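Below is one structure, written out as structure tokens; comments come after it.
Quick note: the coordinates plus some simple rules give every number you see, no bench work behind them. These numbers come from a predicted model, not from an experiment. With ideal geometry, Cβ positions are generated from the backbone for all residues, glycine too; neighbour counts draw on all protein chains shown.
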Amino acid sequence: MRPIANTRSSAGMPTGRLAVWWVVASEIVIFGGLLASYVMQRLAHPEWTTQTAVTNVWIGGFNTFVLLTSSLSAVLAHQAAEHGDGKKAAKLLYYTCGGAVTFICVKAFEWTTEIGHGYTLSSNTFWSFYYTAAGIHALHVIGGGIIMLFVAADAKKNLELHRVELIGIYWHFVDIVWIFLFPLLYIAK
Amino acid sequence: MADHAATAHEHPNYVKIWAILLGLLCISIAGPFLGIKVVTLITAFGIAIVKAYMVAKNFMHLNIERQYVVYLILTMLVFVLLFFAGTSPDVMKWQGDNWVKPKVEQASSHVTHHDAAHHAE
């Protein structure tokens with residue numbers, strides 16, 4: 001069996017994990033800045049209520065369910081990898097990828113409906129924020145899903161199992177971003 | 001294999017944590033139906049913070065991660081708060097000491113002209 005963590009380490013942890021934490025730290029500032037900008041604009045513009053009322057809380061809620069569930073399979077994959085069960089880890093990572101695909105399909109349906117009703121990126125500042133924040137998040141979902149396919153392909157052969165944990169940390173962060181996007185864009189109307 | 005030993009740890013019941021997260025999601029969706037603004041804010045953002053904490057602690061394993069990682073994450077959050085504190089007055093206020101937003105100035109001058117014309121009549 002290959003070791004679960006790589007042999008290189010710095011600052012008291014495997015370099016790969018340290019790198020992922022740096023990515024997460026950088027992403028906090030990116031998403032944090034965007035969401036903080038949205039919050040201050042939203043508070044300054046109570047008239048946006050007419051626009052925020054359009055977003056569908058059930059679609060947003062369903063996508064939250066999908067991401068939380070995909071996070072569960074990601075962490076179970078990590079657990080399986082720790083036990084050296086690469087095949088099980090790969091299977092669970094594929095479930096997580098399924099969650100990513102579901103999330104994007106729902107998002108595509110949602111956006112198609114909204115754009116069809118005339119709510120586009122340039123309709124007003126609320127919709128600019130809406131499409132920018134949800135769009136950047138969706139890109140992270142797509143990117144994470146693609147990387148996960150590579151990690152799962154290796155894990156299936158019991159190779160590079162430490163990467164299961166690394167992609168998991170990233171995926172949970174993407175989940176956390178959505179946990180905040182959901183109330184901001186769908187609930188606080 | 002020393003790294004393996006460092007990574008291996010007791011795993012909590014992830015399915016139970018997931019079920020709690022789904023319960024919290026249901027509450028955050030149900031909150032606005034009560035129609036009370038304070039309740040909506042608590043069920044939306046209060047619960048979002050709790051959910052994020054649970055995911056970070058149990059799924060990202062921040063509770064057993066090196067302490068400096070927690071400080072790194074907290075430092076980034078402080079940066080975001082600093083950004084908010086520094087820029088929000090410009091965004092959320094229409095005027096301050098020795099400054100006023102041009103758009104507001106135009107709007108108010110328009111109102112002043114309108115009022116003046118109204119009074120002249």
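So here's what we get for this one:
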quantity: Tensor-based shape of segment A:122-168 (alpha-carbon gyration tensor, a/c under 1.5 rounded, otherwise prolate or oblate); calculated: prolate
quantity: Cross-link partners of B:K57 among lysines (Cα-Cα below 19 Å; sequence separation of 8 or more within a chain); calculated: B:K16
quantity: Compactness index (Cα Rg / 2.2 N^0.38 Å), the protein assembly as shown; calculated: 1.17
quantity: Nitroxide proxy distance, nm - points 7 Å out along Cα→Cβ at B:V15 and A:T50; calculated: 5.0 nm
quantity: Residue order, fewest to most beta carbons within 10 Å, for A:Y119, B:Y53, B:Y71, A:Y186; calculated: B:Y71, B:Y53, A:Y119, A:Y186
quantity: Pairs of Lys in chain A closer than 27 Å at Cα, counting only those 8 or more apart or on different chains; calculated: 8
quantity: Most mobile listed residue (A:A19, A:A153, A:A81) in chain A, GNM with C-alpha springs under 10 Å; calculated: A:A19
quantity: For segment B:16-55 and segment A:115-189, distance of Cα centres in Å; calculated: 20 Å
quantity: Helix-derived mean residue ellipticity, 222 nm - over chain A, DSSP H n ≥ 4, -39500 (n - 2.57), to 500; calculated: -27000 deg cm²/dmol
